[in-house]
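Colleague: What follows is a single structure, and I will ask about it in a moment.
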2 protein chains.
Amino acid sequence: MATIDSVPASAGRLRVAVPSVAERVARELRRQLAEGTLIPGARLTESTIAEDLGVSRNTVREAFAELASERLVVRHPNRGVFVASLGAEDIHDVYTVRRFIEVSAMRGGGSPEDVAAVRAAVEEGKRAAAAGDDEAGGTANQHFHGAIVAMARSPRLNTIMAQVLAEMRLFFHKATADALFYQRYLPDNEAICEALEAGEPDRAADLLLAYLDRSEDNLAAVHGE
Amino acid sequence: MATIDSVPASAGRLRVAVPSVAERVARELRRQLAEGTLIPGARLTESTIAEDLGVSRNTVREAFAELASERLVVRHPNRGVFVASLGAEDIHDVYTVRRFIEVSAMRGGGSPEDVAAVRAAVEEGKRAAAAGDDEAGGTANQHFHGAIVAMARSPRLNTIMAQVLAEMRLFFHKATADALFYQRYLPDNEAICEALEAGEPDRAADLLLAYLDRSEDNLAAVHGE
DNA sequence: ATCGAAGGATTGTTGAACAATCCGTAGATT
DNA sequence: AATCTACGGATTGTTCAACAATCCTTCGAT
(Lines give C-alpha, C1' and ligand atoms only; values in the text may rest on other atoms or scores of the structure.)
Protein backbone atom coordinates (compact mmCIF):
# COMPACT_ATOMS: atom_id res chain seq x y z
CA MET A 1 0.00 0.00 0.00
CA ALA A 2 0.88 3.62 -0.52
CA THR A 3 4.04 3.39 -2.50
CA ILE A 4 6.21 6.44 -3.12
CA ASP A 5 6.79 6.03 -6.83
CA SER A 6 5.34 9.40 -7.67
CA VAL A 7 8.31 10.60 -9.68
CA PRO A 8 7.39 13.64 -11.78
CA ALA A 9 7.03 12.76 -15.44
CA SER A 10 10.04 14.91 -16.25
CA ALA A 11 12.36 12.84 -14.07
CA GLY A 12 15.86 12.85 -15.49
CA ARG A 13 14.78 15.17 -18.24
CA LEU A 14 15.61 18.48 -16.72
CA ARG A 15 18.22 19.09 -14.05
CA VAL A 16 15.51 19.25 -11.40
CA ALA A 17 17.11 17.55 -8.47
CA VAL A 18 15.27 14.29 -7.97
CA PRO A 19 15.23 13.53 -4.26
CA SER A 20 16.83 10.24 -3.35
CA VAL A 21 14.68 7.31 -2.39
CA ALA A 22 15.72 7.62 1.23
CA GLU A 23 14.68 11.25 1.16
CA ARG A 24 11.31 10.37 -0.30
CA VAL A 25 10.76 7.75 2.37
CA ALA A 26 11.62 10.29 5.05
CA ARG A 27 9.21 12.71 3.45
CA GLU A 28 6.41 10.19 3.36
CA LEU A 29 6.94 9.31 7.01
CA ARG A 30 7.10 12.98 7.92
CA ARG A 31 3.81 13.45 6.14
CA GLN A 32 2.16 10.62 8.04
CA LEU A 33 3.60 11.99 11.25
CA ALA A 34 2.21 15.47 10.62
CA GLU A 35 -1.10 14.09 9.45
CA GLY A 36 -1.53 11.99 12.55
CA THR A 37 -1.60 8.63 10.85
CA LEU A 38 1.33 7.61 13.00
CA ILE A 39 0.62 8.38 16.60
CA PRO A 40 3.25 9.12 19.26
CA GLY A 41 4.71 6.02 20.84
CA ALA A 42 3.89 3.83 17.86
CA ARG A 43 6.59 1.46 16.77
CA LEU A 44 8.03 1.61 13.29
CA THR A 45 9.23 -1.77 12.13
CA GLU A 46 11.87 -1.61 9.45
CA SER A 47 10.71 -4.57 7.41
CA THR A 48 7.06 -3.52 7.49
CA ILE A 49 7.77 -0.03 6.23
CA ALA A 50 10.21 -1.33 3.67
CA GLU A 51 7.53 -3.60 2.22
CA ASP A 52 4.77 -1.01 2.43
CA LEU A 53 6.78 1.56 0.54
CA GLY A 54 8.46 -0.94 -1.75
CA VAL A 55 12.00 -0.05 -0.80
CA SER A 56 14.92 -1.77 0.83
CA ARG A 57 15.41 -2.09 4.55
CA ASN A 58 18.69 -0.23 4.32
CA THR A 59 16.97 2.69 2.70
CA VAL A 60 14.36 2.80 5.42
CA ARG A 61 17.22 2.83 7.86
CA GLU A 62 18.69 5.94 6.26
CA ALA A 63 15.31 7.63 6.43
CA PHE A 64 15.09 6.73 10.11
CA ALA A 65 18.46 8.32 10.73
CA GLU A 66 17.20 11.53 9.24
CA LEU A 67 13.98 11.56 11.22
CA ALA A 68 15.85 10.73 14.39
CA SER A 69 18.13 13.71 13.88
CA GLU A 70 14.97 15.81 13.71
CA ARG A 71 13.69 14.24 16.92
CA LEU A 72 10.54 13.06 15.19
CA VAL A 73 11.35 9.48 16.06
CA VAL A 74 13.44 7.97 18.82
CA ARG A 75 15.84 5.08 18.47
CA HIS A 76 15.95 2.50 21.20
CA PRO A 77 19.08 0.48 20.47
CA ASN A 78 18.28 -3.08 19.46
CA ARG A 79 14.63 -2.42 20.07
CA GLY A 80 13.54 -0.28 17.20
CA VAL A 81 12.41 3.23 16.44
CA PHE A 82 9.27 4.77 17.86
CA VAL A 83 7.32 7.85 17.02
CA ALA A 84 8.54 10.49 19.46
CA SER A 85 6.27 10.74 22.45
CA LEU A 86 6.60 14.07 24.14
CA GLY A 87 6.15 14.61 27.84
CA ALA A 88 5.55 17.75 29.84
CA GLU A 89 9.28 18.49 29.96
CA ASP A 90 9.46 18.33 26.19
CA ILE A 91 6.63 20.78 25.78
CA HIS A 92 8.38 23.20 28.08
CA ASP A 93 11.67 22.68 26.31
CA VAL A 94 10.22 23.29 22.88
CA TYR A 95 8.64 26.49 24.08
CA THR A 96 11.93 27.55 25.61
CA VAL A 97 13.56 27.22 22.23
CA ARG A 98 10.72 29.11 20.62
CA ARG A 99 10.96 31.93 23.16
CA PHE A 100 14.67 32.26 22.55
CA ILE A 101 14.48 32.27 18.80
CA GLU A 102 11.16 33.84 17.92
CA VAL A 103 11.36 36.69 20.39
CA SER A 104 14.92 37.53 19.40
CA ALA A 105 13.95 37.47 15.75
CA MET A 106 11.02 39.76 16.45
CA ARG A 107 13.15 42.32 18.27
CA GLY A 108 15.41 42.48 15.26
CA GLY A 109 12.49 43.51 13.09
CA GLY A 110 12.42 42.83 9.38
CA SER A 111 12.38 44.31 5.92
CA PRO A 112 9.07 45.37 4.39
CA GLU A 113 8.93 42.15 2.39
CA ASP A 114 9.56 40.08 5.50
CA VAL A 115 6.83 41.92 7.37
CA ALA A 116 4.52 41.41 4.42
CA ALA A 117 5.13 37.67 4.69
CA VAL A 118 4.08 37.77 8.33
CA ARG A 119 0.95 39.67 7.39
CA ALA A 120 0.21 37.15 4.67
CA ALA A 121 0.33 34.34 7.20
CA VAL A 122 -2.11 36.18 9.45
CA GLU A 123 -4.56 36.58 6.60
CA GLU A 124 -4.09 32.94 5.68
CA GLY A 125 -5.14 32.05 9.21
CA LYS A 126 -8.24 34.22 8.99
CA ARG A 127 -9.31 32.59 5.77
CA ALA A 128 -8.81 29.13 7.26
CA ALA A 129 -10.90 30.07 10.26
CA ALA A 130 -13.64 31.46 8.05
CA ALA A 131 -13.64 28.24 6.09
CA GLY A 132 -13.64 26.21 9.30
CA ASP A 133 -10.59 24.29 8.17
CA ASP A 134 -8.61 23.30 11.26
CA GLU A 135 -5.82 21.64 9.33
CA ALA A 136 -5.27 24.79 7.29
CA GLY A 137 -5.46 26.82 10.48
CA GLY A 138 -2.59 24.86 11.96
CA THR A 139 -0.55 25.27 8.82
CA ALA A 140 -1.21 29.00 8.75
CA ASN A 141 -0.11 29.30 12.35
CA GLN A 142 3.14 27.56 11.51
CA HIS A 143 3.62 29.90 8.57
CA PHE A 144 3.09 32.83 10.90
CA HIS A 145 5.79 31.76 13.31
CA GLY A 146 8.06 30.64 10.51
CA ALA A 147 7.74 34.05 8.91
CA ILE A 148 8.72 35.71 12.17
CA VAL A 149 11.95 33.75 12.34
CA ALA A 150 12.55 34.26 8.63
CA MET A 151 12.96 37.96 9.35
CA ALA A 152 16.38 37.15 10.75
CA ARG A 153 17.36 35.84 7.32
CA SER A 154 19.38 33.07 8.85
CA PRO A 155 19.33 29.69 7.08
CA ARG A 156 20.36 27.89 10.23
CA LEU A 157 17.71 29.49 12.37
CA ASN A 158 15.14 28.72 9.72
CA THR A 159 15.93 25.03 9.71
CA ILE A 160 16.00 24.92 13.50
CA MET A 161 12.61 26.57 13.58
CA ALA A 162 11.25 24.26 10.91
CA GLN A 163 12.27 21.27 12.97
CA VAL A 164 10.75 22.68 16.13
CA LEU A 165 7.49 23.36 14.34
CA ALA A 166 7.48 19.85 12.92
CA GLU A 167 8.03 18.52 16.39
CA MET A 168 5.10 20.52 17.68
CA ARG A 169 2.77 18.88 15.23
CA LEU A 170 3.33 15.65 17.08
CA PHE A 171 1.47 16.70 20.18
CA PHE A 172 -0.83 19.09 18.41
CA HIS A 173 -3.13 16.47 17.08
CA LYS A 174 -4.43 15.81 20.51
CA ALA A 175 -4.99 19.53 20.94
CA THR A 176 -6.68 19.97 17.61
CA ALA A 177 -9.51 17.85 18.88
CA ASP A 178 -10.63 21.15 20.27
CA ALA A 179 -11.67 22.79 17.03
CA LEU A 180 -11.30 26.26 18.47
CA PHE A 181 -7.67 25.74 19.34
CA TYR A 182 -6.21 27.89 16.63
CA GLN A 183 -8.95 30.44 16.22
CA ARG A 184 -8.28 31.36 19.78
CA TYR A 185 -4.94 32.82 18.79
CA LEU A 186 -5.98 34.71 15.73
CA PRO A 187 -6.43 38.00 17.62
CA ASP A 188 -2.94 37.58 19.08
CA ASN A 189 -1.41 37.06 15.70
CA GLU A 190 -3.24 40.10 14.41
CA ALA A 191 -2.08 42.29 17.29
CA ILE A 192 1.50 41.10 17.02
CA CYS A 193 1.52 41.72 13.32
CA GLU A 194 0.08 45.19 13.72
CA ALA A 195 2.72 46.16 16.25
CA LEU A 196 5.37 44.91 13.87
CA GLU A 197 3.88 46.82 10.96
CA ALA A 198 3.70 49.93 13.14
CA GLY A 199 7.46 49.82 13.49
CA GLU A 200 7.38 48.73 17.12
CA PRO A 201 9.17 45.42 17.09
CA ASP A 202 9.88 45.55 20.83
CA ARG A 203 6.21 45.80 21.65
CA ALA A 204 5.50 43.05 19.15
CA ALA A 205 8.15 40.94 20.87
CA ASP A 206 6.52 41.47 24.25
CA LEU A 207 3.16 40.45 22.85
CA LEU A 208 4.72 37.43 21.23
CA LEU A 209 6.35 36.41 24.49
CA ALA A 210 3.04 36.66 26.31
CA TYR A 211 1.41 34.64 23.58
CA LEU A 212 4.01 31.90 23.83
CA ASP A 213 3.62 31.67 27.59
CA ARG A 214 -0.12 31.39 27.28
CA SER A 215 0.13 28.90 24.45
CA GLU A 216 2.45 26.74 26.49
CA ASP A 217 0.12 26.72 29.48
CA ASN A 218 -2.75 25.89 27.22
CA LEU A 219 -0.97 23.02 25.54
CA ALA A 220 0.33 21.69 28.83
CA ALA A 221 -3.21 21.68 30.16
CA VAL A 222 -4.56 19.81 27.17
CA HIS A 223 -1.67 17.42 27.43
CA GLY A 224 -2.19 16.80 31.13
CA GLU A 225 -5.70 15.44 30.81
CA MET B 1 44.95 2.12 9.62
CA ALA B 2 43.36 3.63 12.69
CA THR B 3 40.58 1.19 13.32
CA ILE B 4 37.86 1.92 15.84
CA ASP B 5 37.87 -1.40 17.67
CA SER B 6 38.50 0.23 21.01
CA VAL B 7 35.59 -1.40 22.79
CA PRO B 8 35.92 -1.05 26.57
CA ALA B 9 36.96 -4.32 28.21
CA SER B 10 33.62 -4.49 29.97
CA ALA B 11 31.65 -4.63 26.75
CA GLY B 12 28.47 -6.62 27.21
CA ARG B 13 29.26 -7.14 30.86
CA LEU B 14 27.44 -4.26 32.41
CA ARG B 15 24.46 -2.44 30.95
CA VAL B 16 26.72 0.38 29.80
CA ALA B 17 25.29 1.32 26.46
CA VAL B 18 27.85 0.36 23.84
CA PRO B 19 27.58 2.84 21.00
CA SER B 20 26.76 1.31 17.68
CA VAL B 21 29.43 0.92 15.05
CA ALA B 22 27.91 3.69 12.97
CA GLU B 23 28.03 5.94 16.00
CA ARG B 24 31.68 5.11 16.59
CA VAL B 25 32.52 5.86 12.99
CA ALA B 26 30.74 9.20 13.25
CA ARG B 27 32.65 9.90 16.42
CA GLU B 28 35.98 9.09 14.84
CA LEU B 29 35.24 11.33 11.88
CA ARG B 30 34.08 14.08 14.18
CA ARG B 31 37.36 13.76 16.03
CA GLN B 32 39.39 14.05 12.87
CA LEU B 33 37.29 16.99 11.82
CA ALA B 34 37.85 18.83 15.09
CA GLU B 35 41.51 17.92 15.14
CA GLY B 36 42.06 19.27 11.66
CA THR B 37 43.15 16.03 10.06
CA LEU B 38 40.33 16.43 7.61
CA ILE B 39 40.38 19.86 6.09
CA PRO B 40 37.34 21.74 4.73
CA GLY B 41 36.50 20.84 1.17
CA ALA B 42 38.20 17.47 1.38
CA ARG B 43 36.32 14.61 -0.15
CA LEU B 44 35.31 11.61 1.89
CA THR B 45 35.12 8.48 -0.20
CA GLU B 46 32.85 5.81 1.22
CA SER B 47 34.95 2.82 0.26
CA THR B 48 38.18 4.37 1.50
CA ILE B 49 36.81 5.19 4.92
CA ALA B 50 35.09 1.84 5.13
CA GLU B 51 38.40 0.07 4.56
CA ASP B 52 40.39 2.37 6.80
CA LEU B 53 38.07 1.85 9.72
CA GLY B 54 37.34 -1.77 8.94
CA VAL B 55 33.60 -1.37 8.62
CA SER B 56 31.00 -1.78 5.93
CA ARG B 57 30.18 0.85 3.38
CA ASN B 58 26.59 0.95 4.58
CA THR B 59 27.72 1.74 8.07
CA VAL B 60 29.88 4.57 6.80
CA ARG B 61 26.82 5.80 5.01
CA GLU B 62 24.85 5.96 8.24
CA ALA B 63 27.65 7.88 9.88
CA PHE B 64 27.65 10.31 6.96
CA ALA B 65 23.95 10.89 7.42
CA GLU B 66 24.56 11.85 11.00
CA LEU B 67 27.41 14.20 10.22
CA ALA B 68 25.44 15.76 7.40
CA SER B 69 22.57 16.51 9.77
CA GLU B 70 25.12 18.32 11.92
CA ARG B 71 26.33 20.27 8.89
CA LEU B 72 29.88 19.01 9.40
CA VAL B 73 29.86 17.44 5.97
CA VAL B 74 27.89 18.23 2.85
CA ARG B 75 26.33 15.74 0.51
CA HIS B 76 26.53 16.39 -3.19
CA PRO B 77 24.12 13.90 -4.71
CA ASN B 78 25.88 11.27 -6.77
CA ARG B 79 29.16 13.02 -6.19
CA GLY B 80 30.02 12.25 -2.63
CA VAL B 81 30.32 13.93 0.72
CA PHE B 82 32.80 16.68 1.44
CA VAL B 83 34.02 18.27 4.61
CA ALA B 84 31.91 21.37 5.04
CA SER B 85 33.66 24.43 3.71
CA LEU B 86 32.30 27.57 5.24
CA GLY B 87 32.15 30.89 3.47
CA ALA B 88 31.70 34.41 4.79
CA GLU B 89 27.92 34.00 4.84
CA ASP B 90 28.24 30.91 6.98
CA ILE B 91 30.40 32.70 9.49
CA HIS B 92 27.85 35.43 9.77
CA ASP B 93 25.03 32.93 10.04
CA VAL B 94 26.69 30.94 12.77
CA TYR B 95 27.27 34.09 14.77
CA THR B 96 23.66 35.09 14.26
CA VAL B 97 22.59 31.84 15.85
CA ARG B 98 25.05 32.36 18.66
CA ARG B 99 23.81 35.89 19.29
CA PHE B 100 20.23 34.68 19.47
CA ILE B 101 20.88 31.79 21.79
CA GLU B 102 23.79 32.82 23.94
CA VAL B 103 22.60 36.33 24.67
CA SER B 104 19.09 35.13 25.49
CA ALA B 105 20.49 32.47 27.78
CA MET B 106 22.65 35.05 29.50
CA ARG B 107 19.75 37.41 30.15
CA GLY B 108 17.92 34.58 31.82
CA GLY B 109 20.74 34.17 34.31
CA GLY B 110 21.43 30.89 36.03
CA SER B 111 21.52 29.02 39.30
CA PRO B 112 24.65 29.23 41.46
CA GLU B 113 25.82 25.87 40.16
CA ASP B 114 25.33 27.00 36.58
CA VAL B 115 27.28 30.17 37.22
CA ALA B 116 29.99 28.14 38.89
CA ALA B 117 30.29 26.08 35.73
CA VAL B 118 30.82 29.25 33.71
CA ARG B 119 33.48 30.36 36.17
CA ALA B 120 35.16 26.97 35.93
CA ALA B 121 35.42 27.34 32.16
CA VAL B 122 37.03 30.75 32.55
CA GLU B 123 39.65 29.36 34.90
CA GLU B 124 40.20 26.45 32.54
CA GLY B 125 40.98 28.98 29.82
CA LYS B 126 43.46 30.79 32.02
CA ARG B 127 45.30 27.59 32.83
CA ALA B 128 45.47 26.68 29.16
CA ALA B 129 46.87 30.10 28.33
CA ALA B 130 49.44 29.82 31.10
CA ALA B 131 50.49 26.45 29.74
CA GLY B 132 50.58 27.84 26.23
CA ASP B 133 48.25 25.12 25.02
CA ASP B 134 46.21 26.47 22.13
CA GLU B 135 44.18 23.34 21.65
CA ALA B 136 43.14 23.38 25.30
CA GLY B 137 42.42 27.08 24.97
CA GLY B 138 39.97 26.43 22.20
CA THR B 139 38.29 23.68 24.18
CA ALA B 140 38.02 25.91 27.23
CA ASN B 141 36.44 28.63 25.15
CA GLN B 142 33.85 26.19 23.90
CA HIS B 143 33.18 25.09 27.46
CA PHE B 144 32.67 28.71 28.40
CA HIS B 145 30.05 29.33 25.77
CA GLY B 146 28.49 25.93 26.31
CA ALA B 147 28.15 26.71 30.01
CA ILE B 148 26.39 29.96 29.21
CA VAL B 149 23.75 28.18 27.17
CA ALA B 150 23.53 25.41 29.75
CA MET B 151 22.11 27.97 32.18
CA ALA B 152 18.86 27.78 30.25
CA ARG B 153 18.67 24.08 31.19
CA SER B 154 17.21 23.22 27.83
CA PRO B 155 18.31 19.93 26.28
CA ARG B 156 17.38 21.11 22.81
CA LEU B 157 19.26 24.37 23.08
CA ASN B 158 22.25 22.47 24.42
CA THR B 159 22.42 20.17 21.43
CA ILE B 160 21.90 23.07 19.04
CA MET B 161 24.75 24.91 20.71
CA ALA B 162 26.96 21.84 20.69
CA GLN B 163 26.45 21.52 16.95
CA VAL B 164 27.17 25.16 16.33
CA LEU B 165 30.36 24.95 18.35
CA ALA B 166 31.42 21.83 16.47
CA GLU B 167 30.79 23.67 13.25
CA MET B 168 32.96 26.55 14.40
CA ARG B 169 35.91 24.26 14.89
CA LEU B 170 35.92 23.74 11.16
CA PHE B 171 37.08 27.24 10.34
CA PHE B 172 38.92 27.75 13.56
CA HIS B 173 41.95 25.79 12.58
CA LYS B 174 42.89 28.42 10.13
CA ALA B 175 42.47 31.02 12.82
CA THR B 176 44.40 29.10 15.43
CA ALA B 177 47.51 29.60 13.37
CA ASP B 178 47.60 32.82 15.26
CA ALA B 179 48.57 31.43 18.63
CA LEU B 180 47.18 34.41 20.45
CA PHE B 181 43.74 33.96 19.05
CA TYR B 182 42.10 32.68 22.19
CA GLN B 183 44.15 34.50 24.79
CA ARG B 184 42.84 37.65 23.26
CA TYR B 185 39.40 36.89 24.58
CA LEU B 186 40.32 35.81 28.06
CA PRO B 187 39.70 39.26 29.54
CA ASP B 188 36.28 39.32 27.90
CA ASN B 189 35.34 36.00 29.35
CA GLU B 190 36.53 37.15 32.74
CA ALA B 191 34.51 40.37 32.58
CA ILE B 192 31.41 38.61 31.38
CA CYS B 193 31.70 36.04 34.11
CA GLU B 194 32.18 38.71 36.76
CA ALA B 195 29.09 40.57 35.67
CA LEU B 196 27.16 37.35 35.82
CA GLU B 197 28.46 36.53 39.26
CA ALA B 198 27.61 40.03 40.38
CA GLY B 199 23.98 39.32 39.63
CA GLU B 200 23.86 41.58 36.60
CA PRO B 201 22.94 39.22 33.78
CA ASP B 202 21.78 42.05 31.54
CA ARG B 203 25.15 43.74 31.69
CA ALA B 204 26.81 40.39 31.13
CA ALA B 205 24.58 39.89 28.10
CA ASP B 206 25.59 43.26 26.67
CA LEU B 207 29.25 42.40 27.13
CA LEU B 208 28.69 39.04 25.55
CA LEU B 209 26.97 40.62 22.58
CA ALA B 210 29.86 43.00 22.07
CA TYR B 211 32.27 40.10 22.35
CA LEU B 212 30.40 38.11 19.72
CA ASP B 213 30.36 41.03 17.31
CA ARG B 214 34.08 41.54 17.74
CA SER B 215 34.81 37.86 17.47
CA GLU B 216 32.85 37.67 14.25
CA ASP B 217 34.71 40.56 12.71
CA ASN B 218 37.97 39.03 13.76
CA LEU B 219 37.17 35.64 12.33
CA ALA B 220 35.85 37.15 9.13
CA ALA B 221 39.09 39.08 8.75
CA VAL B 222 41.23 36.00 9.25
CA HIS B 223 39.01 34.13 6.85
CA GLY B 224 39.21 36.81 4.20
CA GLU B 225 42.94 36.69 3.76
C1' DA C 1 39.34 24.98 -29.78
C1' DT C 2 34.70 22.98 -29.15
C1' DC C 3 31.92 19.29 -28.92
C1' DG C 4 30.44 14.62 -28.13
C1' DA C 5 31.09 9.81 -27.25
C1' DA C 6 33.28 5.98 -24.54
C1' DG C 7 35.41 4.38 -20.01
C1' DG C 8 36.27 4.19 -15.34
C1' DA C 9 35.09 5.33 -10.78
C1' DT C 10 31.81 6.34 -7.14
C1' DT C 11 27.46 6.75 -5.37
C1' DG C 12 22.58 5.03 -4.66
C1' DT C 13 19.93 1.08 -3.83
C1' DT C 14 18.81 -3.57 -3.44
C1' DG C 15 18.70 -8.26 -1.54
C1' DA C 16 20.31 -11.72 1.31
C1' DA C 17 22.68 -13.37 5.01
C1' DC C 18 24.20 -13.72 9.84
C1' DA C 19 25.29 -12.32 14.71
C1' DA C 20 23.58 -9.87 18.62
C1' DT C 21 19.97 -8.54 21.26
C1' DC C 22 15.46 -8.29 23.13
C1' DC C 23 10.95 -10.17 24.63
C1' DG C 24 7.64 -13.46 25.95
C1' DT C 25 6.78 -17.99 27.40
C1' DA C 26 7.28 -22.29 29.39
C1' DG C 27 9.61 -25.02 32.89
C1' DA C 28 12.27 -25.66 36.90
C1' DT C 29 13.30 -24.28 41.64
C1' DT C 30 12.31 -22.67 46.20
C1' DA D 1 2.36 -19.15 44.42
C1' DA D 2 6.22 -16.52 43.25
C1' DT D 3 10.78 -16.19 41.30
C1' DC D 4 14.27 -17.55 38.46
C1' DT D 5 16.21 -19.64 34.25
C1' DA D 6 16.44 -21.38 29.79
C1' DC D 7 14.70 -21.51 25.30
C1' DG D 8 12.77 -19.60 20.72
C1' DG D 9 11.02 -16.30 17.84
C1' DA D 10 11.33 -11.84 16.12
C1' DT D 11 13.78 -7.60 15.10
C1' DT D 12 17.66 -4.90 14.84
C1' DG D 13 22.69 -4.11 13.65
C1' DT D 14 26.04 -5.04 10.34
C1' DT D 15 28.25 -7.09 6.55
C1' DC D 16 28.77 -8.44 1.85
C1' DA D 17 28.02 -8.58 -3.01
C1' DA D 18 25.84 -7.05 -6.85
C1' DC D 19 23.91 -3.72 -10.17
C1' DA D 20 21.91 0.68 -12.13
C1' DA D 21 22.53 5.55 -12.32
C1' DT D 22 25.39 9.22 -12.39
C1' DC D 23 29.49 11.89 -12.68
C1' DC D 24 34.27 13.04 -14.25
C1' DT D 25 37.93 12.46 -17.38
C1' DT D 26 39.96 11.27 -21.46
C1' DC D 27 40.02 10.70 -26.08
C1' DG D 28 38.79 11.47 -30.58
C1' DA D 29 36.05 13.81 -34.19
C1' DT D 30 34.52 17.90 -36.18
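Colleague: Checking A:F144 against (1) within 14 Å of chain B (Cβ to nearest Cβ); (2) within 16 Å of A:S215 (Cα to Cα): exactly one of these is not met. Which one?
Modeller: Tallying (1) within 14 Å of chain B (Cβ to nearest Cβ); (2) within 16 Å of A:S215 (Cα to Cα), A:F144 fails exactly one: (1).
Colleague: Of the conditions (1) touching a helix residue (DSSP H, G or I) at 6+ places or on another chain (Cβ under 7 Å); (2) more than 14 Å from every other protein chain (Cβ to nearest Cβ), B:A120 satisfies every one except a single condition; which number is it?
Modeller: (1)
Colleague: On to the next question. For the structure I just gave you, tell me whether B:L72 is touching a Phe, Trp or Tyr at 6+ places or on another chain (Cβ under 6 Å) and open to solvent by less than 30 Å² (accessible area, probe 1.4 Å).
Modeller: Details: touching a Phe, Trp or Tyr at 6+ places or on another chain (Cβ under 6 Å): no; open to solvent by less than 30 Å² (accessible area, probe 1.4 Å): yes.
Spelling it out, it is not the case that B:L72 is touching a Phe, Trp or Tyr at 6+ places or on another chain (Cβ under 6 Å) and open to solvent by less than 30 Å² (accessible area, probe 1.4 Å).
Colleague: Something else: Does B:E167 satisfy the criteria of being open to solvent by less than 60 Å² (accessible area, probe 1.4 Å), touching an Asp or Glu at 6+ places or on another chain (Cβ under 8 Å) and of a type in the set (D, E, K, R)?
Modeller: Details: open to solvent by less than 60 Å² (accessible area, probe 1.4 Å): yes; touching an Asp or Glu at 6+ places or on another chain (Cβ under 8 Å): yes; of a type in the set (D, E, K, R): yes.
Yes.
Let's see how each residue does on (1) under 30 Å from A:R61 (Cβ atoms); (2) at pLDDT below 95; (3) acidic (D, E); (4) assigned by TED's automatic domain parsing to the domain that holds B:E216:
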{"position": "B:Y95", "(1), (2), (3), (4)": "no, no, no, yes"}
{"position": "B:E102", "(1), (2), (3), (4)": "no, no, yes, yes"}
{"position": "B:M106", "(1), (2), (3), (4)": "no, no, no, yes"}
{"position": "B:E135", "(1), (2), (3), (4)": "no, yes, yes, yes"}
{"position": "B:A152", "(1), (2), (3), (4)": "no, no, no, yes"}
{"position": "B:L157", "(1), (2), (3), (4)": "yes, no, no, yes"}
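Colleague: Residue by residue through the range B:10-37, note down the ones that are within 14 Å of DNA strand C (Cβ to nearest atom) and either within 27 Å of B:H223 (Cβ to Cβ) or modelled with pLDDT under 90 (or both).
Modeller: Listed by number, the residues that qualify are B:S10, B:A11, B:G12, B:R13, B:L14, B:R15, B:V16, B:A17, B:V18, B:P19, B:S20, B:L29.
Colleague: Filtering the range A:32-57 down to residues that are within 14 Å of another protein chain (Cβ to nearest Cβ) and near DNA strand D (Cβ under 7 Å from one of its atoms), which residue is farthest from A:G80 (Cα to Cα)?
Modeller: For the range A:32-57, the residue satisfying everything is A:R57.
Colleague: So, B:R61, is that one at pLDDT below 90, open to solvent by 60 Å² or more (accessible area, probe 1.4 Å) and within 11 Å of DNA strand C (Cβ to nearest atom) or not? Break it down stepwise before answering.
Modeller: Numbers: at pLDDT below 90: no; open to solvent by 60 Å² or more (accessible area, probe 1.4 Å): yes; within 11 Å of DNA strand C (Cβ to nearest atom): yes.
No; evaluated as a whole, the condition is false for this residue.
Colleague: Which of the residues belonging to the range B:140-156 are open to solvent by 30 Å² or more (accessible area, probe 1.4 Å) and closer than 13 Å to B:Y185 by Cα?
Modeller: B:Q142
Colleague: Could you list all residues from the range A:181-213 that are within 17 Å of A:G138 (Cα to Cα) and not aliphatic (A, V, I, L, M)?
Modeller: Result: A:F181, A:Y182, A:Q183, A:R184, A:Y185, A:P187, A:D188, A:N189, A:E190, A:Y211.
Colleague: I've got another one for you. Quick one: how many residues across the range B:75-122 are part of a loop (DSSP other than H, G, I, E, B) and either within 16 Å of DNA strand D (Cβ to nearest atom) or under 23 Å from B:H173 (Cβ atoms) (or both)? It would help to see each step written out before you state the result.
Modeller: Initial filter on the range B:75-122 (part of a loop (DSSP other than H, G, I, E, B)): B:77-79, B:84-87, B:109-111.
Filter again for either within 16 Å of DNA strand D (Cβ to nearest atom) or under 23 Å from B:H173 (Cβ atoms) (or both), leaving B:77-79, B:84-87.
Number satisfying all stated conditions: 7.
Colleague: Go through (1) within 15 Å of DNA strand C (Cβ to nearest atom); (2) surrounded by 15 or more Cβ atoms within 10 Å (Cβ to Cβ) for A:T45 and report which single condition fails.
Modeller: (2)
Colleague: Hey, among the residues in the range B:75-107 that are under 21 Å from A:S69 (Cβ atoms), near DNA strand C (Cβ under 10 Å from one of its atoms) and open to solvent by 30 Å² or more (accessible area, probe 1.4 Å), which one's farthest from the other protein chains (Cβ to nearest Cβ)?
Modeller: Once the filter is applied, the top-ranked residue is B:F82.
The values are calculated or read from the model by the stated rules, or taken from the named source; none is laboratory data. Bear in mind that the values here come from a model prediction, so they are computed numbers and not experimental data. Note: ideal-geometry Cβ built from the backbone for every residue, glycine included; neighbour counts use all protein chains shown. When the accessible area is computed, the model is the full protein with side chains, heavy atoms only, and any ligands, DNA or RNA have been set aside. Shrake-Rupley method; radii C 1.70, N 1.55, O 1.52, S 1.80 Å.
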